[in-house]
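Notes to accompany the following structure.
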Amino acid sequence: MIALIDYGAGNLTSVKKALAAVGAEVFVPVRPEELTAARGIIVPGVGHFGATRALGDAWVGAIRTRVDEGCPLLGICLGMQWLYESSDEAPELKGLGVLLGRVVRLKPAAPYENSGTVVGSGSSRTSADQEGASGSSRTSADQEGASGFSRTSTIKIPHVGWNSLAIVRDDAVIAGVASGAQVYYTHSYVAPITSDTAATTEHGEPFAAIVQRGHVAGVQFHPEKSGDVGLQVLRNFLLLTSNV
Amino acid sequence: MLSKRIIACLDVRNGQVVKGINFEGLRSAGDPAELARRYNVEGIDELVILDITATIEARRALADTIRAVARELFIPLAVGGGIRTEADAAAAVEAGADKVSLNTAALADPSLITTLAGRYGSQAVLVAIDAKRDHDRFAVYARSGQAPTSRDAVEWAREAESRGAGEILLTSIDRDGTKAGFDCPLTAAVSAAVSIPVIASGGAGTLDHFVEVFTAGRADAALAASIFHFAETSVAALKQHLRNNNVPVRL
């Protein structure tokens, strides 16, 4: 059974429907203690980081205990951002902190002038991360050169729509997903590119699209709204839970 | 790079798609769920269900339609037409809509935008603007283009954004149904004035019209109904044409 966490900021119906489509059995726990029955935990979410306030100490404790016991955890969009230490969207709140880094706002900017410098500016990012990031931006800059399209277009925030994945690492959660596959986003804040990043997406600057650290995973896009690619990611997470 | 979105609009009345549909081989042409499935297979990026009835019975039928369309569809679904109150929006969301589209109700009470954005997030609130050229400005019309207002489309779009709208669905009344092409100057003016995405609507007749609205019109997405219903054009053919013209799309 997969526990789907309801903290009032989710499109729970959509996520449930998508999980049912890939054969998952899902329950929505009413009390934190019910998480002991979960083989996997999903924290969905859309909207403001402030909504995670509803995940009080009892939930944080119960989720952390299960994760420490090896229970796979998947965060979706806002749910993924909550896995980090904090977010600039609500600096007074703490995230779960199972992934290191701070969530920051995307910058509305001209597409390629800043991408190299912006990436390294976060305090939690290492120089190795910058290399990975600038590598992926070079790739799309090349594609860009061929079309010349985005030089005339501006970067709008929020980032809404279908954008492509650049796969950095072959993690379990992205098995069967091709580099360049497109997924549906709607968000303004992003997690930094770190050693946990499995795939990046670029919107003015590259950001963490898919992350995995052991049995903890996160996706910035909405797998429940990303067609077959999204369902594949959910299937991959289910496989993680069946290996526990 | 962010793809330009192609959105199909289903005008629904009592559970049936009512704009004439002429697809060969589509058995139950008036069934929104079947049409939605077909568009999904062809690669549509998003769907809008527009309820063009307003009775209580129809509202219940709409919820059933949303449920039927959303059941096997894993792409974003917006619902508009007749959403007047928070309760209307809640019914649409509970039935499976990811976004609700406000038009006349937002003009009458702009605070509804903020209320719904607060409850569901801005990404769930589309503000639909029906605009008509009036000398050197674009006048906003309410009630499906029937009632002129004193508002200017560019200013109203800005206000909608500041009140919490996540996207603007901009329809040119002058072009709607004409197949003469989107109103690119209107779309570009609104797109430049806001930082949220702008969906262009009204006037799609040829594949090149879409290229124009994504370049000269600076649209983030384009919505059409009858070009997919009537024309021999499939969503896939349209997207291939856009890609051939260097417009980034999901194929």
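The values are calculated or read from the model by the stated rules, or taken from the named source; none is laboratory data. Values in this document were obtained by computation on a predicted structure and should not be read as measured data. As a convention, Cβ positions derive from the backbone with ideal geometry for all residues, glycine included, and neighbour counts pool all protein chains shown.
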- [ ] Kindly check whether there is at least one residue in region B:133-141 that is surrounded by fewer than 23 Cβ atoms within 10 Å (Cβ to Cβ), among the small types (Gly, Ala, Ser) and free of Cβ contacts under 8 Å to residues at least 40 places away in the same chain.
- [x] yes
TODO: Filter region B:166-187 for residues that are farther than 15 Å from B:ARG218 by Cβ, among the hydroxyl-bearing types (Ser, Thr, Tyr) and in contact (Cβ under 8 Å) with a residue 40 or more places away in the chain and give the result.
DONE: B:THR171
Task: Considering residues of region A:39-62 that are at pLDDT 95 or above, under 27 Å from B:SER122 (Cβ atoms) and in a helix (DSSP H, G or I) only, the residue farthest from the chain's Cα centre (by Cα) - done: A:TRP59
Task: Qualifying positions in region B:79-96 - among the hydrophobic types (A, V, I, L, M, F, W, C) and under 15 Å from A:THR13 (Cβ atoms) - done: B:VAL79, B:ALA89, B:ALA90, B:ALA91, B:ALA92, B:VAL93, B:ALA95
- [ ] Can you give me the ranges of the helices (runs of 4 or more DSSP H) entirely in region B:188-251 with at least 2 residues that are modelled with pLDDT of 95 or more?
- [x] B:207-215, B:235-244
Task: Search result, residues across region B:211-235 that are in contact (Cβ under 8 Å) with a residue 60 or more places away in the chain and within 14 Å of another protein chain (Cβ to nearest Cβ) - done: B:PHE214, B:ALA219, B:ASP220, B:ALA221, B:ALA222, B:LEU223, B:VAL235
Open item on the list: Please list, ordered by residue number, the strands (runs of 3 or more DSSP E) wholly in region A:156-225 having 1 or more residues that are away from every other protein chain (no Cβ under 14 Å) and modelled with pLDDT of 95 or more.
Closed with: A:197-203, A:205-213, A:216-219
- [ ] Give me a count of the residues in region A:6-38 that are over 20 Å from the mean Cα position of the chain (by Cα) and outside any loop (DSSP other than H, G, I, E, B).
- [x] 10
Task: Evaluation of A:LEU73 against (1) of a type outside the set (D, E, K, R); (2) modelled with pLDDT under 95; (3) surrounded by 18 or more Cβ atoms within 10 Å (Cβ to Cβ) (one fails), failing number - done: (2)
Task: Test: residue in region A:19-27 that is aromatic (Phe, Trp, Tyr) and closer than 28 Å to A:SER188 by Cβ - done: no
- [ ] Could you check, for region A:62-85, whether at least one of its residues is in contact with a Leu (Cβ under 9 Å, 6 or more places away or on another chain), among the charged types (D, E, K, R) and in contact (Cβ under 8 Å) with a residue 40 or more places away in the chain?
- [x] no
Task: The one condition in (1) of a type in the set (Gly, Ala, Ser); (2) touching a residue at least 40 places away in the same chain (Cβ under 8 Å); (3) touching a Lys or Arg at 6+ places or on another chain (Cβ under 7 Å); (4) away from chain A (no Cβ under 13 Å) that B:ALA61 fails to fulfil - done: (3)
TODO: Could you look through region B:80-89, keep only residues that are surrounded by fewer than 23 Cβ atoms within 10 Å (Cβ to Cβ) and modelled with pLDDT of 90 or more, and pick out the one that is farthest from A:VAL46 (Cα to Cα)?
DONE: B:ARG84
- [ ] Starting from residues that are modelled with pLDDT of 95 or more and part of a loop (DSSP other than H, G, I, E, B), keep the ones in region B:104-150 and report whichever is nearest to B:THR187 (Cα to Cα).
- [x] B:PRO110
Task: Residue tally, condition surrounded by fewer than 22 Cβ atoms within 10 Å (Cβ to Cβ) and part of a loop (DSSP other than H, G, I, E, B), over region A:76-95 - done: 8
Open item on the list: Just to verify a result, which residue in region A:15-43, among those that are touching a residue at least 60 places away in the same chain (Cβ under 8 Å) and crowded, with 20+ Cβ neighbours inside 10 Å, is nearest to A:VAL104 (Cα to Cα)?
Closed with: A:ILE42
- [ ] Evaluate region B:32-41: report whether one residue or more is modelled with pLDDT under 90, of a type in the set (Phe, Trp, Tyr) and under 19 Å from the mean Cα position of the chain (by Cα).
- [x] yes
Open item on the list: Against the definition (within 14 Å of another protein chain (Cβ to nearest Cβ) and out of contact with any Gly (no Cβ under 9 Å at 6 or more places or on another chain)), how does A:VAL28 come out, yes or no?
Closed with: no
- [ ] Residue by residue through region B:93-109, note down the ones that are more than 14 Å from chain A (Cβ to nearest Cβ) and over 19 Å from the mean Cα position of the chain (by Cα).
- [x] B:ALA108, B:ASP109
